[in-house]
Amino acid sequence: METAADHMPKRVAGVPAARRPVRERSGAGVRKAAMTTEAELLKSDDQRLEELFRKSPAGEIPKGPMEGLAIFPVAGHAGAWLLATVVNLTAWRGKVFSPDGYLSNRLTAMDILSIVAMVGPGPSRLDDQECIVIDYSHTSLVFGGVRDELRQVGPDLYLGLIWLAGRKIGWFTLRGPDNADDGYA
């Protein structure tokens, strides 16, 4: 049985990618340098996350396993960190992207691969600009009303927006296994 660990790349020496500057959209095609880390996203409120999502490019569709972190802005900084930790340890841990346009979610501490979705570029429901769409409507009876959207906010770091039945309900991050923040609190 194949696990997400089978797809984990080796650690790369040097500065973690989460700490490197990233280019964001700004003005009429002008780009400015900004620093976005998973820790900063976890501390952000809903308005800041939405602003960052709107100005970020879709990026390339990720490949292989990605570490995930649920973001709960309404819980405040301490509550968001606690909830993200509990969810990561007990329920959702990330996603594994396959080259054939599908993904599986990584569930529980045992890294069970389940809840398959189709992946591809498409317009965001938030601003009608291109994003990476994760669509469960054709692959899951239980999660058929869920749609995730991704935009790249840093090297190997994505901000995800969760929709349920056309309503925005939450946020999450996805990062490459080598793109660690050295603690996200």
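The values are calculated or read from the model by the stated rules, or taken from the named source; none is laboratory data. All values reported here derive from a predicted model rather than from experimental measurement. Positions of Cβ are generated from backbone atoms using ideal geometry, with glycine treated the same way; all protein chains shown enter the neighbour counts. For the accessible areas, the whole protein counts, side chains as well, though only heavy atoms, and no ligand, DNA or RNA atoms are used. Shrake-Rupley method; radii C 1.70, N 1.55, O 1.52, S 1.80 Å.
Computed quantities for the displayed model
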read-out: Checklist (1) part of a strand (DSSP E or B); (2) in contact with a Lys or Arg (Cβ under 9 Å, 6 or more places away or on another chain) applied to Pro99, failing item; value: (1)
read-out: Residues (open to solvent by 70 Å² or more (accessible area, probe 1.4 Å) and either aliphatic (A, V, I, L, M) or under 16 Å from the mean Cα position of the chain (by Cα) (or both)) located in the stretch 143-166; value: Leu164, Ala165
read-out: Single residue of the stretch 121-141 satisfying the filter (under 21 Å from Arg93 (Cα atoms) and touching a residue at least 24 places away in the same chain (Cβ under 8 Å)) that is surrounded by the most Cβ atoms within 10 Å (Cβ to Cβ); value: Ile134
read-out: Residue in the stretch 173-184 that is over 15 Å from the mean Cα position of the chain (by Cα), at pLDDT below 95 and charged (D, E, K, R) present; value: yes
read-out: Close pairs (6 angstrom Cβ cut-off, 6 or more residues apart or separate chains): on the phi > 0 side of the Ramachandran plot in the stretch 74-103, charged (D, E, K, R) anywhere; value: Gly94/Glu67; Gly94/Arg106
read-out: Residues being over 16 Å from the mean Cα position of the chain (by Cα) and of a type in the set (D, E, K, R) - total across the stretch 86-142; value: 5
read-out: Qualifying positions in the stretch 49-76 - assigned to a helix (DSSP H, G or I), at pLDDT 95 or above and open to solvent by 70 Å² or more (accessible area, probe 1.4 Å); value: Glu51, Arg54
